[in-house]
Amino acid sequence: MPKLLFVCTGNTCRSPMARFLLEKMLSQNKDLNKKWEIDSAGIAAFPGGKASDNAVRVLGEEGIDLTGHLSKQVDGDLIKDVDIILTMTINHKDMLLDNFPEAKGKVYTLKEFAGQAENPDVSDPFGQSLEIYRQTRDEIKKYLQKIMGKLNYYNSEEGIEGMVENNIKRGDIDMKIAIGSDHAGYEMKQEIIKLLDELGYDVSDMGTDSDESVDYPDFAYKVASGVASGEYDRGLLVCGTGIGMSIAANKVEGVRAALCHDVFSARAARNHNNANVLALGSRVIGIGLAKEIVKTWLEAGFDGDRHERRVNKITRIERGEY
Ligand SMILES: O=C[C@H](O)[C@H](O)[C@H](O)COP(=O)(O)O
């Protein structure tokens, strides 16, 4: 049976909550045919400590008894033994990789594994109010929901890399797409929506609703902020050239909008840049090519590795941390 390990700092709040919530969710989900063994640990845990009182309370509200939980420290044996490690923050992930380089390839933050690379941390509720613990519990639950399908597709031969690759493809996850255009892109947007409907994607149209003249930043902002907040997995934007839309969308933190007018760039925008928004110019290319570009971009995965290091630098630039 494959094993999944949640990791936080002290193994008294976030990681045990994640473990017990996921165990309950997996036991209730009839569509999942794969069984998982779930565990949790901390990078700075006191062995044998109990879960924090508020963690016990908020999981009690979910019908889960956390009183038997005893904290434990991550060690090499645990790391060797598990297939996937999901940390609560990027720091946890970095510290694990520093201390256990052999874990490379199987460590993700919970949120990035769930498909949200931006704001990848679940922050520590330790010592805070019951309400903050509730918020943390609900945040963890939200991302656990998103990884359920991925866990079902895990294949020991492909390992974690194969699973992530497979699950960013159409049909493997319920990818939520936001689409927007100005007047110039309106007609092309309608055609792309038809295509996405036919392909079975979950698409939300954020306007505009006619070819009456409007301002593209209004629609770029709607789509881009929907993607940045995690409400949508991807965004599509169409204006006359795609340029105004891409410039505006890239002003929103967490958005990597790519303007692509050929299939090669569309694929590379995903493989190399992990672009979460695609911009198109309806006055530049025809609908046939636009459809090919959209399909390619939606189905292509992020290659990670050296590209991840570079994308992380982009994130640091936009946060003013570079
Ligand atoms: O980058 C901006 C877009 O291409 C707009 O669609 C374009 O500027 C709209 O131009 P107009 O108002 O002349 O239709």
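Summary table
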read-out: Output for the stretch 184-198, where each listed residue is more than 16 Å from the ligand (Cβ to nearest atom) and either more than 16 Å from W297 (Cβ to Cβ) or surrounded by fewer than 15 Cβ atoms within 10 Å (Cβ to Cβ) (or both); value: K194, D197, E198
read-out: The stretch 61-105: number of residues that are acidic (D, E), touching a residue at least 40 places away in the same chain (Cβ under 8 Å) and closer than 12 Å to V7 by Cβ; value: 0
read-out: A55 vs. criteria open to solvent by less than 60 Å² (accessible area, probe 1.4 Å) and in a helix (DSSP H, G or I); value: yes
read-out: Residues within the stretch 267-296 that are within 19 Å of S225 (Cα to Cα), away from the ligand (no atom under 15 Å from the Cβ) and either open to solvent by 40 Å² or more (accessible area, probe 1.4 Å) or in contact with a His (Cβ under 9 Å, 6 or more places away or on another chain) (or both), tallied; value: 2
read-out: Restricting the stretch 240-266 to residues that are within 16 Å of the ligand (Cβ to nearest atom) and under 20 Å from A300 (Cα atoms), the residue that is nearest to the chain's Cα centre (by Cα); value: A257
read-out: Unmet requirement for T89, which otherwise passes all of (1) open to solvent by 10 Å² or more (accessible area, probe 1.4 Å); (2) in contact with a Phe, Trp or Tyr (Cβ under 9 Å, 6 or more places away or on another chain); (3) at pLDDT 95 or above; value: (2)
read-out: Given (1) open to solvent by less than 20 Å² (accessible area, probe 1.4 Å); (2) within 14 Å of the ligand (Cβ to nearest atom), index of the condition D218 fails; value: (1)
read-out: Residues being at negative phi and open to solvent by 10 Å² or more (accessible area, probe 1.4 Å) - total across the stretch 58-68; value: 7
read-out: Subset of the stretch 164-195 (residues that are more than 19 Å from N276 (Cα to Cα), part of a helix (DSSP H, G or I), at pLDDT 95 or above and not hydrophobic (A, V, I, L, M, F, W, C)); value: Y186, E187, Q190, E191
read-out: Yes/no for G242 being on the phi > 0 side of the Ramachandran plot, at pLDDT 95 or above and surrounded by 17 or more Cβ atoms within 10 Å (Cβ to Cβ); value: yes
read-out: Matching residues in the stretch 221-239 - criterion: being open to solvent by less than 40 Å² (accessible area, probe 1.4 Å) and either out of contact with any strand residue (DSSP E or B) (no Cβ under 8 Å at 6 or more places or on another chain) or near the ligand (Cβ under 9 Å from one of its atoms) (or both); value: S225, A228, G230, V238, C239
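So that you can scan it fast, the table gives a plain yes or no per residue for (1) part of a loop (DSSP other than H, G, I, E, B); (2) surrounded by fewer than 15 Cβ atoms within 10 Å (Cβ to Cβ):
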{"residue": "K35", "(1), (2)": "yes, yes"}
{"residue": "D39", "(1), (2)": "no, no"}
{"residue": "A44", "(1), (2)": "yes, yes"}
{"residue": "D77", "(1), (2)": "no, yes"}
{"residue": "Q116", "(1), (2)": "yes, no"}
{"residue": "V122", "(1), (2)": "yes, no"}
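This table checks each residue for (1) out of contact with any strand residue (DSSP E or B) (no Cβ under 8 Å at 6 or more places or on another chain); (2) small (G, A, S); (3) more than 16 Å from the ligand (Cβ to nearest atom); (4) modelled with pLDDT of 95 or more.
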site	(1), (2), (3), (4)
Q135	yes, no, yes, yes
Q145	yes, no, yes, no
D205	no, no, yes, yes
E212	yes, no, no, yes
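The values are calculated or read from the model by the stated rules, or taken from the named source; none is laboratory data. What you see is a predicted model, and the numbers here were worked out from it, not measured in a lab. Heads up, the Cβs are rebuilt from the backbone with ideal geometry, glycines too, and the neighbour counts pull from every protein chain shown. Protein only, heavy atoms only, side chains kept; ligands, DNA and RNA dropped before computing areas. Shrake-Rupley method; radii C 1.70, N 1.55, O 1.52, S 1.80 Å.
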